[in-house]
Amino acid sequence: MIITIHRGSHEIGGTCVEIEGSTGTRILIDIGQPILETGAGPFILPAHLDGVLISHAHQDHYGLLAKISPEVPVYISAPTMRLIEITAKFTGGDFAVRNPIVFKSHQPFTCGEFKIKPYLVDHSAFDAHGFLIEDEKNRIFYSGDFRGHGRKAALLDRFEQYPPSPVDALLLEGTMLGQDTENIITEHELEEAIVAKLKATRSAAFVCVSGQNIDRLVTLFRACVKSGRRLVVDPYVGHVMSELNTFSPNIPFPSSDYACSLGVYYPNRLCRRMRIHLKLGHVLDSFDAVRVQARDIIRKPEGYLVLVRDTMVEELTEKLSQSAENALFLYSLWRGYWDKENMAVLKNWVTERHMDHVYAHTSGHAYPSTLRRLAEALSPRQIIPIHTACPENYGDYFTQEIRIANDGEAIGIN
């Protein structure tokens with residue numbers, strides 16, 4: 001078996017790994033859009049591919065799907081494909097899965113000479129997977145992006161009880177290596193911290209959060225239920241929640257069943273785009289029964305937690321100017337995004353209104369102690385760093401042989 005990390009050996013995101021079997025089967029695991037402009041040139045895809053595996057619906061793992069020939073099968077879970085379709089629909093991006101073969105968690109399938117088993121993992125993306133890949137000579141495990149402190153933390157406990165060990169090589173993500181000084185907080189602990197903050201706040205509250213981080217949206221929803229508030233999302237987030245509820249009925253979504261604790265605000269700019277340009281007026285109409293107006297928030301500001309984006313700032317300033325003064329602002333994304341240029345408008349809005357700015361986030365990635373748990377369960381002969389900015393640090397955390405590769409370098413697994 002030969003492993004070539006086309007991108008991701010020394011950077012976080014943009015992941016693309018080629019696996020070639022002993023009789024010539026070639027597959028890619030993920031084909032991601034780089035997060036940062038690192039100066040790395042475009043990689044050249046193999047002339048022949050037997051398949052592409054997509055681990056989860058983050059663009060740094062699927063964003064270059066358009067480069068794949070329509071004849072090449074793309075192995076993907078149904079929820080991941082739905083999320084990619086939603087993103088393409090709302091952004092106009094070329095993310096079409098042209099030749100999908102849908103897999104299910106923990107059910108093995110074959111691609112050429114490879115036997116592949118997808119393992120559902122705990123991550124901030126819904127329905128994320130790692131993969132066990134075997135040919136007649138070797139077994140490798142691709143961790144994908146994962147963690148052990150989210151709402152699906154029990155998956156790692158179960159994996160440790162019944163691991164597919166040993167493996168010849170573990171392709172192991174290391175996003176949090178070098179950032180492990182930050183205290184690990186579980187999604188459940190974050191929920192309780194948000195509840196306490198909401199209960200202590202007698203003003204309006206706003207939150208900046210990813211519209212596809214379902215774990216976090218559930219955390220915010222539960223926190224609102226416990227604190228007597230109503231979570232107010234926009235139609236895009238409402239649509240995501242509604243679509244994913246079809247795969248997991250425990251996910252709340254804007255409807256009569258959840259109307260007391262979940263509503264939808266219609267931002268003018270987004271709604272205009274949905275009706276006129278995206279032809280998604282039916283999506284807006286589906287939320288009319290749970291629509292929240294600005295006047296509702298003005299009447300009882302302490303009763304709401306409102307999702308806010310930079311594109312909504314002008315409208316919120318006009319319609320909720322008084323309610324926003326000295327309000328609570330929860331920032332529920334990676335800290336690094338706060339200093340990005342596109343956040344400047346939102347940052348100024350928060351600062352100028354003297355909001356109580358609270359960092360309310362926990363990582364979607366595994367901390368070193370969790371990475372060690374996976375490595376110990378799998379007993380790999382070697383660990384290959386992936387999705388990391390510091391592969392040279394792996395030796396500080398693991399006793400196994402660490403095999404550092406460069407982008408484009410072929411590694412033989414014997």
> Can you pull the semi-axes for the range 187-359, root of five times each eigenvalue of the Cα gyration tensor, sorted largest first, whole Å?
Replying inline: 22, 20, 16
> How big is the shadow of the Cα convex hull of the chain, averaged over all directions, in nm²?
Replying inline: 19.6
> What spacing in nm lies between the two simple spin-label points modelled at residue 277 and residue 248, each 7 Å away from Cα in the Cβ direction?
Replying inline: 3.1
> Residue-wise, which Karplus ³J(HN,Hα) couplings in Hz belong to the range 318-335, taking 6.51 cos²θ - 1.76 cosθ + 1.60, θ = phi - 60°, and x for glycine or proline?
Replying inline: 6, 9, 10, 4, 5, 5, 7, 5, 6, 6, 8, 10, 9, 9, 10, 9, 4, 3
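Round to the nearest 0.05 the FRET efficiency obtained for residue 102 and residue 69 when R0 = 25 Å and r is the Cβ-Cβ distance. Mind showing how you got there, number by number?
Values: r = 19 Å, r/R0 = 0.77.
In this case the efficiency is close to 0.85.
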>> Just to be sure I understand: with springs between alpha-carbon atoms less than 10 Å apart, which residue in 252, 391, 46 has the highest mean-square fluctuation in the Gaussian network model of the chain?
In response: 46
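Once you list every other residue whose beta carbon is under 13 Å from the beta carbon of residue 128, what net charge do they have if Lys and Arg are +1 and Asp and Glu are -1?
Its environment carries a net charge of -4.
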>> Cut-off under 16 Å on the C-alpha distance; same-chain residues fewer than 8 positions from residue 104 excluded. Which lysines are left, in chain and number order?
In response: 115, 117
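Rank-order 303-310, 406-413 by packing density, defined as the average count of other C-beta atoms within 10 Å over each peptide's residues, highest first. Don't skip to the end; give the middle numbers.
Working: 303-310: 21.4, 406-413: 14.0.
Those peptides, ordered most packed to least, come out 303-310, 406-413.
The numbers here are math on the coordinates, done by the rules we state, and not lab data. Note that the coordinates shown come from a computational prediction; the quantities given were computed from them, not determined experimentally. Note that we place each Cβ from the backbone using ideal geometry, even for glycine, and neighbour counts take in every protein chain shown.
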